[in-house]
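A quick write-up on the structure given underneath.
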């Protein structure tokens, strides 16, 4: 991983972000598990152990921290999450850097506040619940099967809207296209899986936007999968 001390200091100074999580102590292992799962389910990132949310650096006992992270990744996250680790000294304090890549085995679950296995995503500086659209996309990704969706009137109406406005929320898509939530979900699930549409996660909601600048042609078949 080879994160240099100066690079790490810069990360800490800039504060927590979607891909950077601070953990000063292991007060709640389930909360740490949610962060690990959320990073693995989204775009990956780092946990900096021994750093407060205020960006101060109390440090942490590295060996104990590594043992705790190993247990969290294996026992609280399902399936278990792979990661790499590195211990760096900053002003005589030990900071343990845990790097989690976006997983090919997602979704990974972690315990919620009721100790129930739940899927999370990383949005801004928060771990948020994954919606049904994303859980269904993940199922398709795991199956890696060929799929096809006819690009018809509703899809083209969506593409027109996105070209004019940049992004859309789920409720607006249902209303604009005058379709049921079930049909809207099905369309978005397949377009995200085919990488025509991409989700943008925030702490408040999920937006959907075009993943590629070139939209599919009207009445064309979009196909993805093994041939």
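Here is how the numbers come out for the structure above:
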quantity	calculated
Of the criteria (1) under 16 Å from residue 131 (Cα atoms); (2) assigned to a loop (DSSP other than H, G, I, E, B); (3) at pLDDT 95 or above, which one residue 185 fails	(2)
Count of residues meeting criterion [more than 15 Å from residue 127 (Cβ to Cβ) and assigned to a helix (DSSP H, G or I)] in region 13-60	1
From the options 75, 67, residue that is under 18 Å from residue 106 (Cα atoms) and free of Cβ contacts under 8 Å to residues at least 12 places away in the same chain	75
Top-ranked residue of region 44-60 - restricted to ones that are surrounded by fewer than 21 Cβ atoms within 10 Å (Cβ to Cβ) and closer than 27 Å to residue 115 by Cβ, ranked as nearest to the chain's Cα centre (by Cα)	44
Of all residues in region 1-27 being closer than 15 Å to residue 76 by Cβ and at pLDDT below 95, the one that is surrounded by the most Cβ atoms within 10 Å (Cβ to Cβ)	26
Residue, modelled with the highest pLDDT, within region 61-113, restricted to residues that are in a loop (DSSP other than H, G, I, E, B) and over 30 Å from residue 133 (Cα atoms)	61
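The values are calculated or read from the model by the stated rules, or taken from the named source; none is laboratory data. Predicted model, so just to flag it, every value in this text is computed and none were measured. Don't worry about glycine lacking a Cβ; one is built from the backbone with ideal geometry, like all the others, and counts go over all protein chains shown.
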